[in-house]
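Working notes, beginning with the structure itself.
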Amino acid sequence: MSDLLAFFTAPVIMGLVAIAALGGTAFTLTRPATSEAAIYRRRIAGTMLGAGAIILGGFAFALSSWGAGR
């Protein structure tokens, strides 16, 4: 059990959240929209989720390369 908990370090958790945000991006951008306002809202939400995924993924990579969580 402690080996499993040792796996969940800060970089791993940030990477998992980045993957979840990337999945949310894909889900948001593939939903059909019926009006111009809905298309705009979908694109804004998808862009924000995608940017969050990129930023969190970059931070997770930086933390892991610095040796955080060992």
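FYI, it's all coordinate maths here, none of it is from the lab. Bear in mind that the values here come from a model prediction, so they are computed numbers and not experimental data. Neighbour counts run over all protein chains shown; Cβ positions are idealised from the backbone, glycine included.
Scanning region 13-70 for residues that are polar (S, T, N, Q) and under 27 Å from Asp3 (Cβ atoms), which turns out surrounded by the most Cβ atoms within 10 Å (Cβ to Cβ)? Show your work before the answer.
Taking region 13-70 as the starting set, the residues that turn out to be polar (S, T, N, Q) are 25, 28, 30, 34-35, 47, 64-65.
Applying the additional criterion that residues be under 27 Å from Asp3 (Cβ atoms) yields 64-65.
Numbers: Ser64: 17, Ser65: 9.
Once the filter is applied, the top-ranked residue is Ser64.
Could you give every pair whose Cβ atoms fall below 7 Å, whose first residue belongs to region 18-42 and is under 22 Å from Ile55 (Cβ atoms), and whose second residue is of a type in the set (Ser, Thr, Tyr) and surrounded by 11 or more Cβ atoms within 10 Å (Cβ to Cβ), counting only separations of at least 6 or pairs across chains?
Pairs found: Arg42/Thr28.
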